[in-house]
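No value in this document is a laboratory result; all are computed from the given coordinates. Since this is a predicted model, take the numbers as computed values, not measurements. Cβ placement follows ideal geometry from the backbone for every residue including glycine, while neighbour counts extend to all protein chains displayed.
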Amino acid sequence: MSELAAFMVVSTFKEGTDMKEVMAVVEDEKAMVKVLQSEGRIGSIRLAVPHGKVFLDVFATDTEAAGDTVRELPMAKWWDLVVYPLSGTA
């Protein structure tokens, strides 16, 4: 397996997202986060609720894989993603 690099993925809720739908998948989201954390693919997650943003520490082989990891989360269908490689990584 290739060495994993660190990324910050900034996820912004898309315009018009129905937050009732988002809240309906919170437990599924938590469960999937635990799986990805146990696999070493996601680290901490920070919320900026007033700004509609979620910041995820992701560990992947490249930016495409980092985005793919985040898209495994149930809430990702409501997010626009921007993937940033962190200093000293891919």
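Worth a mention:
- Of residues in region 61-90 being aliphatic (A, V, I, L, M) and closer than 15 Å to Glu3 by Cβ, the one surrounded by the fewest Cβ atoms within 10 Å (Cβ to Cβ): Leu86
- From Asp68, Asp80, residue being touching a Ser or Thr at 6+ places or on another chain (Cβ under 8 Å) and among the charged types (D, E, K, R): Asp80
- Qualifying residue in region 6-25 (condition: polar (S, T, N, Q) and within 19 Å of Pro85 (Cβ to Cβ)): yes
- Restricting region 1-44 to residues that are of a type in the set (Gly, Ala, Ser) and part of a loop (DSSP other than H, G, I, E, B), the residue that is nearest to the chain's Cα centre (by Cα): Gly40
- Among residues of region 41-62 that are touching a residue at least 40 places away in the same chain (Cβ under 8 Å), those with a beta-carbon under 8 Å from a residue that is acidic (Asp, Glu) at least six positions away or on a different chain give the pairs Ala60/Asp68; Thr61/Glu3.
- Residue in region 11-48 that is surrounded by the fewest Cβ atoms within 10 Å (Cβ to Cβ), counting only those that are among the β-branched types (Val, Ile, Thr) and farther than 14 Å from Trp78 by Cβ: Val35
- So Val58, is it part of a helix (DSSP H, G or I), surrounded by 11 or more Cβ atoms within 10 Å (Cβ to Cβ) and under 12 Å from the mean Cα position of the chain (by Cα): no
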